[in-house]
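Structure, as structure tokens:
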Amino acid sequence: NQTTPKPHVAFLSSPGMGHITPLFELAIRLVTQHDFQVSFLVITTAFTPAQSEYLNANPHPDLHIVDLPPVDMSGLVSDDMELGTRLSLIVQESIRPFRSILSELKGPKLRALVIDIFCTGVFEICNELAIPVYSFFTASGVLFTLSLYLPSMDREVEGDQYVETVKVPGCNPIRIQDLQEPVWNRNSDDYKWYLFHCRRLFMATGIFINTWEDLEPVSLKAVKHEPFFLNIPTPPVHPIGPLVKQIEPAVMVKYEKEMIAWLDKQPKDSVLYVSFGSGGTLTREQLTELAWGLELSRQRFIMVVRKPSDYAAATFFNVGSESDDPRTYLPDGFIERTKGVGLVVSSWAPQVAVLNHPSTGAFLSHCGWNSTLESLKHGVPMIGWPMYAEQRMNATMLSNEVGVAVKMHVVGDKGETVVARREEIKRVVQMVMEGEEGKKMRSRAKELEASSRTTLSRGGTSYETLARVAESWKLG
Ligand code: UDP
């Protein structure tokens, strides 16, 4: 019927490509596969070419990008704040006019609002307006189960810091070193904010997670069988992953062409792709060691580099906006000596296009969840080099449980960041690119690639799970 408007759903994502990407990919699916119209609300904090290019790369008449009115955050956030605190404050300020923002949306009444973990401040308003809120937990199942358990753990454990191995019911134990410092330090603002959001997860009508059974069987089984929160049942959990970026923004076409042309000339599985996500930035000392390690390994590589910083997530809020000459911070002569063998890209690469290329043989990654899913969806094994957020847990899970990664030694026994030295980098890179261990990891990654395709196809678990929720929204 031409005159009946399509059912309408809105999305609200906190800033950062790692959050926006999975929510946007879900929005695209609702529009293209399930016949919805979507208003995608965007919080803009700074000049972020990578973000706006991505959002505008895929225009669709039923997918409307709505920029929230910009807020003045000066005096409220500072560069030395922990990431979670900063995100929470930005969202808190940006959603002050949320009621009027929702009322001004074009289209019929919303069937649902989909948010990420940092946007839990909208529950009350949506309750009043009778709009069901779904949370899309965009990180791993391991962090998800820990997050469900955190409110109980916080009540049961005493002291300023967590010091013991964390035992989430039904899950594998998490070493304390694998928690980021702000999470185990209970007095930190980051901890308090994260706990606040975890408690509020239980207010959601349903929770999507970006994973699937074959990748994280333990976490998904635990979600089904364990009562995490003492008296409140967990909302229905819907695993719909892996939802990853499918296309690269147009701005990337120039680089993409160059890189793909270069990759086309390399043998199959011979190139190591090195990138630390949207925010990941190495110290000067570590970048020097990494460059030397790559050179000594004599393997082919593509490396995304950024101006060194002591802050690991330095470019999280403005990725793609910095342009500088890598020669000023890479070892003298590095680019010349590795010419033909290596390709250095400043700031941002068309990651999915690189991972999708048959010449790409492994991914040295910070193990952000999107990067992880993108790697596995394309059958590429990983070298785990965690930096911030829940990346350490991811790296451990990928190496110890899934068997698709080997971890670089960058975390010390006390949880401190350790500088990986060039000889060690050379050894690990060679092992993954040429050794038996690398072969095993590659074949495991190929299995997961096949399984990810099945789960996302009609009849597959992730596809059908989303289809069921979409149907319920249509009826609702
Ligand atoms: N990304 C990219 N090019 C880069 C670096 C990152 O396209 O040079 C994309 C990557 O494909 C992924 C996202 O940025 O979709 C990073 O998300 P992830 O969860 O891996 O890490 P975060 O940036 O949140 O730490």
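Across 10 Å bins from the origin, how do the percents of Cα pairs in the range 376-434 run, short distances first?
It works out to 22, 54, 23, 1, in whole percents.
Relative contact order for the chain: what percent, with Cα pairs under 8 Å and sequence separation of 6 or more?
Across the chain, relative contact order equals 16 percent.
Sorting Met203, Met397 on the 10 Å Cβ count, fewest up front, what's the list?
Fewest to most other Cβ atoms nearby, the residues stand as Met203, Met397.
Before rounding to the nearest 500, sum -39500 (n - 2.57) across all DSSP H runs of length at least 4 in the chain and divide by the residue total; then give [θ] at 222 nm in deg cm²/dmol.
After summing the helix terms and dividing by the residues of the chain, the value is -12000 deg cm²/dmol.
Around Thr283, under 14 Å between beta carbons, what's the net of Lys plus Arg minus Asp minus Glu among the other residues?
Charge balance in the 14 Å sphere: 0.
Between Arg199 and Ala46, what is 0.36 nm times their sequence separation minus the Cα-Cα distance? Round to one decimal in nm.
That works out to 52.1 nm of additional length.
How large is ³J(HN,Hα) for each residue in the range 65-72, as worked out from phi by the Karplus curve 6.51 cos²θ - 1.76 cosθ + 1.60 (θ = phi - 60°), to whole Hz, x for Gly and Pro?
Result, rounded to whole Hz: 8, 10, 7, 5, x, x, 10, 8.
Give me the angle, in degrees from 0 to 90, between the Cα long axis of helix 83-94 and the longest principal axis of the Cα atoms of the chain, rounded to the nearest 10.
40
Ile260 to Gln92: FRET efficiency via 1/(1 + (r/R0)^6), r the Cβ-Cβ distance, R0 41 Å, to the nearest 0.05?
My answer for the efficiency is 0.45.
Taking the Cβ-Cβ separation of Ala450 and Asp72 as r and a Förster radius of 45 Å, what is the calculated FRET efficiency to the nearest 0.05?
0.35
For the residue pair Asn172 and Ala467, what label-to-label distance in nm results when each label sits 7 Å from Cα along the Cα-to-beta-carbon direction?
Distance between the two pseudo-spin positions: 3.2 nm.
Work out how far the C-alpha atoms of the range 152-211 reach from end to end along every principal axis, then list the three figures in whole Å, largest first.
33, 26, 20
Which value in nm describes the separation of the simple spin-label points at Asp325 and Glu104, placed 7 Å from the Cα toward the beta carbon?
Simple spin-label model gives 4.5 nm for this pair.
What order do you get for His357, His409 when you list them from fewest to most C-beta neighbours inside 10 Å?
Lowest to highest Cβ neighbour count: His409, His357.
Given C-alpha coordinates of the chain, what is the ratio Rg to Rh with the Kirkwood estimate of Rh?
0.95
Please figure out what share of the DSSP beta bridges in the chain is antiparallel and state it in percent, rounded to the nearest 5.
Counting DSSP beta bridges with both partners in the chain, the antiparallel share is about 10 percent.
Quick one: length gained pulling Glu213 to Arg284 fully straight, 0.36 nm per residue minus the C-alpha distance?
So the extension gain works out to 21.6 nm.
Can you work out D for the range 89-141 in µm² s⁻¹ from Stokes-Einstein, where Rh is the Kirkwood radius over C-alpha pairs, the temperature is 20 °C and the viscosity is 1.002 mPa s?
Rounded to a whole number, D works out at 179 µm²/s.
Suppose every Lys and Arg Cβ carries +1 and every Asp and Glu Cβ carries -1, with no other charges. What dipole size does the chain come out with about its Cα centre, to the nearest 20 debye?
1140
Where the Cα atoms of the range 1-142 are projected onto their three principal axes, how long is each span, largest first, in whole Å?
Rounded to whole Å, the extents work out to 54, 34, 33 Å.
Apply the Karplus parameterisation 6.51 cos²θ - 1.76 cosθ + 1.60, with θ equal to phi minus 60°, to every residue of the range 346-353 and state each ³J(HN,Hα) to the nearest whole Hz, in sequence, with x for glycine and proline.
For the range 346-353, the Karplus-derived couplings read 8, 6, 8, 10, x, 4, 5, 5 Hz, x marking Gly and Pro.
What residue among Ala130, Asn185, Ser78 has its Cα farthest toward the positive end of the dipole of the chain, where the charges are +1 on Lys, Arg and -1 on Asp, Glu, each on the Cβ?
It is Ala130.
How tilted is helix 189-201 with respect to the longest principal axis of the chain? Cα atoms for both, answer in degrees (0 to 90, nearest 10).
Compared with the principal axis, the helix lies near 50 degrees.
Quick check on packing: order 424-434, 63-73, 374-384, 208-218 by the mean number of other C-beta atoms within 10 Å, highest mean leading.
Taking the mean over residues of other Cβ atoms within 10 Å, the ranking is 374-384, 208-218, 424-434, 63-73.
Show me the ranking of peptides 49-58, 466-475, 14-23 by mean Cβ neighbours inside 10 Å, starting with the highest.
14-23, 49-58, 466-475
Taken together, the values in this text are just the output of simple stated rules run on the coordinates, not laboratory data. Predicted, not measured: the structure shown is a model, and the values here were computed from it. So basically every Cβ, Gly included, is an ideal-geometry build from the backbone, and we count neighbours across all protein chains shown.
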